[in-house]
Amino acid sequence: MSLPINSTSSGAGQEVAFRVLIVDDDVDIGDSLRDVLEVEDPSIKVMVANNAVDGERLAVEFQPDMALLDIKLGRSNGLDLVPKLKHEIPGIICIMMTAFRDSEYAMTAVRFGADDYLLKPIDPGKLLVTLRELKGRKLLMDEKRAAERRFQAVFQQTFQLLIITDAQGAIIDVNRVAEEFLGGDKASFVGRELTALPVFARNQHGGEQLREAFFRARNGVFTRLEIEAPGQWQEIVAFDCSLKPIRNESGLIEYIVMEARDITALKKAERDIRAANEMLERRVRERTRDLELAMDRAEYASKAKSLFLSRMSHELRTPMNAILGFAQLLGVDEHPPLAAGQQEFVQEIIKAGGHLLDLINDVLDLTKIESGRFDIHLGAVSLQEVIVSCATMVAALARSRDVTVELPEFPEPVMLHADTTRLKQVFLNLLSNAVKYNIEGGRVTIDYALEDGRLARVNVRDTGIGISIKDQERIFNAFEVVNTDYNSDGMGIGLAIAYQLVTRMGGELGLISEIGQGSTFWLELPVSTEDASLTLPASLTLPSTWDERAYATEDQALILYVEDNVPNRRLVEQILERQSRFKLITASNGADGLRAALDRRPDLILLDINLPDIHGLDFLRKLRAAADHMCPVVAVSANAMKDDIDAALASGCAAYLTKPFDAATLLAVMRSHLPDRNLNS
């Protein structure tokens with residue numbers, strides 16, 4: 001029965017031969033052993049030498065794993081080959097063969113370094129068993145040496161400092177990095193106590209930390225710490241250290257491995273980063289304070305600007321109310337009627353006043369847009385309704401300049417996603433400009449196109465003189481009035497407002513123009529995805545004259561007007577004097593107004609918001625607290641800011657009239673809020 005020797009493998013399915021050298025001066029013994037070994041196990045390769053010289057030469061060439069050496073080699077001694085082969089071939093297994101049974105020979109063979117001793121005649125089966133055992137031992141030794149080489153390669157080539165100690169802290173091994181840092185070679189440190197090394201002992205705090213960490217590691221606790229130690233040039237070096245206990249097969253701690261990484265540069269970077277962060281935080285705090293201060297100043301400036309505009313609006317609208325109101329009264333007064341020339345003068349007053357009012361409104365609109373306090377209410381808007389409405393409003397201006405306005409055909413409704421009021425404001429500006437800056441007898445054409453069903457592009461084309469490239473670059477800027485051949489009474493605000501409004505509605509506004517070829521202002525807005533059906537609000541028909549026969553009934557409505565401005569009181573007195581259905585009483589301050597409201601119990605109160613002794617909303621609260629019955633209160637004020645209007649309506653005012661107002665609007669609002677006393681018939 002054969003006894004195969006287990007062999008190693010250098011790759012998948014490929015055996016590595018186990019090489020055996022036989023040195024015996026008996027040629028027959030050597031050849032017979034070779035034949036037996038190679039037949040019984042093909043992985044064994046055998047070389048035979050008959051003398052010591054050939055044996056030594058073949059050993060160098062053949063590099064055997066094992067040598068079977070006869071003790072007596074003629075005049076030579078086989079024992080002399082053992083140290084030579086051990087020296088030439090590290091790890092070789094040497095087995096002595098002899099016919100002498102004296103144990104002294106066996107002891108002598110061991111002293112010379114032999115691994116085993118066989119007696120002749122050699123039993124092949126026993127020899128194979130011995131070879132298998134020795135081969136396994138050799139493989140283990142080879143693996144151990146290979147593992148040791150791998151460990152040393154990693155241990156020495158790593159960039160981290162490594163020190164291995166026994167369980168008591170005595171150094172067993174150090175790597176290259178540790179030698180360089182500690183300033184010596186391995187031999188000078190082996191056997192010394194780790195925590196007693198001068199480099200750690202000089203740093204009292206670091207030494208104490210290391211001793212505490214080593215104590216924990218001896219008790220089986222993996223420990224990590226940061227320590228500082230002086231380097232080769234006495235510079236302070238920071239280390240990130242760890243001490244890891246290594247246990248043997250019995251579970252006892254046999255070694256402790258200290259691993260240290262130089263983090264000096266990292267710590268310096270951390271300090272630099274902290275310093276930079278602190279500086280940045282300080283600068284951020286300073287900048288934040290500056291920004292907060294700037295924001296406070298900006299907010300103060302914004303509030304001051306809003307207050308200034310509100311007061312400016314009030315101060316301008318209050319006299320404008322009297323100017324326009326009395327001019328309207330002069331125009332309709334038939335007792336006695338004005339001459340034709342005087343009527344023209346009155347119309348010029350009304351026209352100039354209306355233009356001034358438009359300028360005031362434009363400035364306020366632009367300011368609200370720029371401050372972000374401008375509301376946009378998006379919804380489905382009929383493009384046809386907006387164009388027709390705006391074209392109607394500019395029809396009189398177009399007729400006066402003999403300009404034809406051509407509207408597009410609408411085969412089906414086109415609904416835009418926009419704000420109805422703001423879109424009308426945009427188109428009214430574009431159409432009035434197209435007419436105003438056109439040539440006499442010119443033409444304004446409006447057309448539109450749908451792009452992919454998502455956008456609608458509307459063009460307003462005129463046959464004017466055109467706008468230069470230079471002027472086109474600034475035409476949408478506020479207060480920019482471009483050069484034209486026509487006298488312009490504008491301030492360059494309208495197009496700036498239109499541009500902002502279209503942008504706020506999610507669209508674009510642009511211009512295409514060429515000198516001598518006219519201009520095309522175009523805007524693009526998204527098409528609405530809402531239902532295309534449109535219900536137009538019922539229009540309110542206002543009286544164009546104030547014929548007292550329209551209210552020819554017996555009952556009169558008592559109206560209280562609380563107003564400190566004398567011309568405004570006289571204006572309302574003149575308007576209502578022509579209406580027999582109204583009885584007017586007035587008060588010039590809040591105190592008199594409260595007494596009159598409580599004593600006379602009017603049917604409707606017209607209330608100025610800015611009274612000399614009390615704010616109009618405070619007047620309203622006091623009246624509500626004192627009266628057992630509240631009549632409708634209509635705020636009448638020159639404050640045209642949205643916040644003022646919203647505050648008045650939220651406080652309970654039935655309506656809000658902005659000065660200047662025309663008589664028709666005043667009468668319509670009064671009639672809509674008076675009790676049913678046949679005043680609306």
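Which members of the range 94-119 meet the condition of being assigned to a helix (DSSP H, G or I), surrounded by 17 or more Cβ atoms within 10 Å (Cβ to Cβ) and among the acidic types (Asp, Glu)?
Correct list: empty.
Being within 51 Å of the chain's Cα centre (by Cα) and among the hydrophobic types (A, V, I, L, M, F, W, C) is the requirement here; does Phe582 meet it? Before you say what the answer is, go through the steps one by one.
Numbers: within 51 Å of the chain's Cα centre (by Cα): no; among the hydrophobic types (A, V, I, L, M, F, W, C): yes.
Here the answer is no, as Phe582 does not meet what is asked.
Take the residues in the range 199-211 that are surrounded by 13 or more Cβ atoms within 10 Å (Cβ to Cβ) and not small (Gly, Ala, Ser), then tell me which one is modelled with the lowest pLDDT.
Here the residue is Asn203.
For residues that are touching a Phe, Trp or Tyr at 6+ places or on another chain (Cβ under 7 Å) and assigned to a loop (DSSP other than H, G, I, E, B), scanning just the range 53-92, find the one that is farthest from Lys120 (Cα to Cα). First the steps, then the outcome.
To start, the set of residues in the range 53-92 that are touching a Phe, Trp or Tyr at 6+ places or on another chain (Cβ under 7 Å) comprises 65, 71, 79, 82-83.
Narrowing further to those that are assigned to a loop (DSSP other than H, G, I, E, B): 65, 71.
Details: Asp65: 22, Ile71: 11 Å.
Top of the filtered list is Asp65.
If only one of Ala275, Ala294, Ala301, Ala260 is modelled with pLDDT under 85, open to solvent by less than 100 Å² (accessible area, probe 1.4 Å) and aliphatic (A, V, I, L, M), which one is it?
Unique residue meeting the criteria: Ala301.
Check Glu254, Glu228 and return the single one that is acidic (Asp, Glu), under 29 Å from Val177 (Cα atoms) and at pLDDT 90 or above.
Values: Glu228 fails: at pLDDT 90 or above.
Of the residues listed, the single one that is acidic (Asp, Glu), under 29 Å from Val177 (Cα atoms) and at pLDDT 90 or above is Glu254.
What residue, of Ile439, Ile465, Ile446, is touching a Phe, Trp or Tyr at 6+ places or on another chain (Cβ under 9 Å) and either open to solvent by 50 Å² or more (accessible area, probe 1.4 Å) or not in a strand (DSSP E or B) (or both)? Outline the logic, then answer.
Numbers: Ile439 fails: touching a Phe, Trp or Tyr at 6+ places or on another chain (Cβ under 9 Å); Ile446 fails: either open to solvent by 50 Å² or more (accessible area, probe 1.4 Å) or not in a strand (DSSP E or B) (or both).
Being touching a Phe, Trp or Tyr at 6+ places or on another chain (Cβ under 9 Å) and either open to solvent by 50 Å² or more (accessible area, probe 1.4 Å) or not in a strand (DSSP E or B) (or both) holds for just one of Ile439, Ile465, Ile446, which is Ile465.
Could you tell me which numbered condition Ile605 fails, if it satisfies all but one of (1) open to solvent by less than 10 Å² (accessible area, probe 1.4 Å); (2) touching a Leu at 6+ places or on another chain (Cβ under 7 Å); (3) part of a helix (DSSP H, G or I)?
Here Ile605 clears every test but (3).
Okay, residues lined up against (1) in contact with a strand residue (DSSP E or B) (Cβ under 9 Å, 6 or more places away or on another chain); (2) of a type outside the set (Val, Ile, Thr); (3) free of Cβ contacts under 8 Å to residues at least 40 places away in the same chain; (4) part of a loop (DSSP other than H, G, I, E, B):
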{"position": "Gly125", "(1), (2), (3), (4)": "no, yes, no, no"}
{"position": "Thr130", "(1), (2), (3), (4)": "yes, no, yes, no"}
{"position": "Glu148", "(1), (2), (3), (4)": "no, yes, yes, no"}
{"position": "Ala153", "(1), (2), (3), (4)": "no, yes, yes, no"}
{"position": "Ile164", "(1), (2), (3), (4)": "yes, no, no, no"}
{"position": "Ile172", "(1), (2), (3), (4)": "yes, no, no, no"}
{"position": "Val190", "(1), (2), (3), (4)": "yes, no, yes, yes"}
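For the subset of the range 627-681 comprising residues that are at pLDDT below 85 and among the small types (Gly, Ala, Ser), which member is surrounded by the most Cβ atoms within 10 Å (Cβ to Cβ)?
The extreme case among them is Ala638.
Please go through the range 25-44 and pick out each residue that is in contact (Cβ under 8 Å) with a residue 24 or more places away in the chain, open to solvent by 50 Å² or more (accessible area, probe 1.4 Å) and in a loop (DSSP other than H, G, I, E, B).
The answer is Asp25, Asp26.
Quick check on my filter: what residues within the range 578-600 are among the basic types (Lys, Arg) and under 22 Å from Leu617 (Cβ atoms)?
Arg595, Arg600
Might you check whether a residue that is closer than 25 Å to Phe326 by Cα, open to solvent by less than 60 Å² (accessible area, probe 1.4 Å) and not in a helix (DSSP H, G or I) occurs anywhere in the range 590-600?
Checking the range 590-600: not a single residue is closer than 25 Å to Phe326 by Cα, open to solvent by less than 60 Å² (accessible area, probe 1.4 Å) and not in a helix (DSSP H, G or I).
Which numbered condition trips up Ala532, out of (1) among the hydrophobic types (A, V, I, L, M, F, W, C); (2) modelled with pLDDT under 70; (3) over 41 Å from the mean Cα position of the chain (by Cα); (4) open to solvent by 40 Å² or more (accessible area, probe 1.4 Å)?
Among (1) among the hydrophobic types (A, V, I, L, M, F, W, C); (2) modelled with pLDDT under 70; (3) over 41 Å from the mean Cα position of the chain (by Cα); (4) open to solvent by 40 Å² or more (accessible area, probe 1.4 Å), the lone unmet condition for Ala532 is (3).
For Leu617, indicate whether it is open to solvent by less than 10 Å² (accessible area, probe 1.4 Å) and in contact (Cβ under 8 Å) with a residue 12 or more places away in the chain. Please lay out each step first, then the result.
Numbers: open to solvent by less than 10 Å² (accessible area, probe 1.4 Å): no; in contact (Cβ under 8 Å) with a residue 12 or more places away in the chain: yes.
No: the conditions fail for Leu617.
So which residues in the range 413-428 are open to solvent by less than 30 Å² (accessible area, probe 1.4 Å) and more than 37 Å from the chain's Cα centre (by Cα), if there are any at all?
Val414, Phe427
The values are calculated or read from the model by the stated rules, or taken from the named source; none is laboratory data. The structure displayed is predicted, hence computed values, not measured ones. Every residue, glycine among them, receives a Cβ derived from its backbone with ideal geometry; neighbour counts consider all protein chains shown. Just the protein is used for accessible areas: all its heavy atoms, side chains included, with ligands, DNA and RNA removed. Shrake-Rupley method; radii C 1.70, N 1.55, O 1.52, S 1.80 Å.
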